[in-house]
1. Looking at the structure I just gave you, is residue 183 under 30 Å from residue 35 (Cβ atoms) and in contact with a helix residue (DSSP H, G or I) (Cβ under 9 Å, 6 or more places away or on another chain)?
2. Is it the case, given these coordinates, that residue 146 is assigned to a helix (DSSP H, G or I), within 24 Å of residue 253 (Cβ to Cβ) and over 15 Å from the mean Cα position of the chain (by Cα)?
3. Kindly indicate which of 296, 274, 263 is farther than 16 Å from residue 103 by Cα and basic (Lys, Arg).
4. Tell me whether the stretch 203-222 contains one or more residues that are part of a helix (DSSP H, G or I), modelled with pLDDT under 95 and farther than 25 Å from residue 183 by Cα.
5. Going by the structure shown, is residue 159 open to solvent by less than 20 Å² (accessible area, probe 1.4 Å), assigned to a helix (DSSP H, G or I), out of contact with any Pro (no Cβ under 6 Å at 6 or more places or on another chain) and within 16 Å of residue 219 (Cα to Cα)?
6. Contact list please: Cβ distance under 9 Å, first residue in the stretch 97-113 and closer than 22 Å to residue 60 by Cβ, second residue of a type in the set (Asp, Glu) and at pLDDT 95 or above, pairs at least six apart or on different chains.
7. Report yes if some residue within the stretch 249-264 is assigned to a helix (DSSP H, G or I), of a type outside the set (Ser, Thr, Tyr) and out of contact with any Leu (no Cβ under 7 Å at 6 or more places or on another chain); otherwise report no.
8. Please work out if residue 34 is at pLDDT below 75 and surrounded by 11 or more Cβ atoms within 10 Å (Cβ to Cβ).
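The values are calculated or read from the model by the stated rules, or taken from the named source; none is laboratory data. The model shown is predicted, which means the values in this text are computed figures rather than measured ones. Every residue, glycine among them, receives a Cβ derived from its backbone with ideal geometry; neighbour counts consider all protein chains shown. SASA here: full protein model, heavy atoms, side chains in, ligands and nucleic acids out. Shrake-Rupley method; radii C 1.70, N 1.55, O 1.52, S 1.80 Å.
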Amino acid sequence: MSGFLKNLFGGKSENDREGERLKEQSASWEEKAKLTETAESCYRRGKEYQRKGDLERARLYLDRASTLYSNFEQTFDESEVLMEDCDEQIGALEEEDLLYNELLEQVTERSEELSNTQNYIWGLLSLARFQGVFEKLSECPDCEILGELKKVLHLFCQGLGRPLNEEEQEYLQDFITRFYDFGDSEAFADTSNQIPVSGGKMLQVFDLNGNSTFSCMHIFMDKCIYAFCNGGPLEEAEPAETDFIANTVLIDHFLRTYEEELRSIPKVQEEIGRIWSDYDFVQTMPDAAAVAERMRVYQKMDIL
């Protein structure tokens, strides 16, 4: 009788709990159906841009479709044929005369002229310019982890000058696991997760998707964390992930929100200029203090 009275006056009945479970299940399926619909829409939009000869925007939307197909099982199951063609088209676009392809080739060539330490520093300077962007995006629902980049960059600066302590190492190792998981989350792919930036434009979290921006960033930070936690010199660490450096232009954002040709957009030109300015800087073999100071300047910058 006591169990009956508890359910009657204070608890939830079995029917209530079952109703809640079915409601949650229904919401989950609705969200997955929405992702499938978005993936197919991105795929068809990318193909349309491809037919028009706008290969930059074709890649933007095909990349988005591919991520949705890859990260969410139901989306893949319902769109497997489309995904195969999507990946094939993305592979073909890697050979086209696109801005990212050009930048990546140039960064790769110049990184081969630098030491491993210099390439790590080049990447750290590039990463620092994302702090302002991430702080804004961290206000979106379930995107709070992006606001932690400030602390991560602080610890990286510390690691350039001294060994990190056990607490600092544990934090970084926990962060990079959560950061990886965020890249596979629905919050990352939700196009309603967006914030206003200059010029009346909107920046989406999903703008970090194109050209494997988020994945390359994760790999770069993962290698940094391993190197700093290992305690050895950067020169002896794993080769730095330099592909990430070409991603700081945030090409997806400009393709999605501007009609002009990418290379003619002033903010795109400015960021490309910073990439090569950093390259010249690291060639001078700057000490840890000079690197940290340049990073602090970038951390306060709004690249958009």
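1. yes
2. No; evaluated as a whole, the condition is false for this residue.
3. Exactly one of 296, 274, 263 is farther than 16 Å from residue 103 by Cα and basic (Lys, Arg), namely 296.
4. no
5. no
6. Short answer, once both residue conditions are applied: 98/56; 99/56; 100/56.
7. No, the stretch 249-264 contains no residue that is assigned to a helix (DSSP H, G or I), of a type outside the set (Ser, Thr, Tyr) and out of contact with any Leu (no Cβ under 7 Å at 6 or more places or on another chain).
8. no
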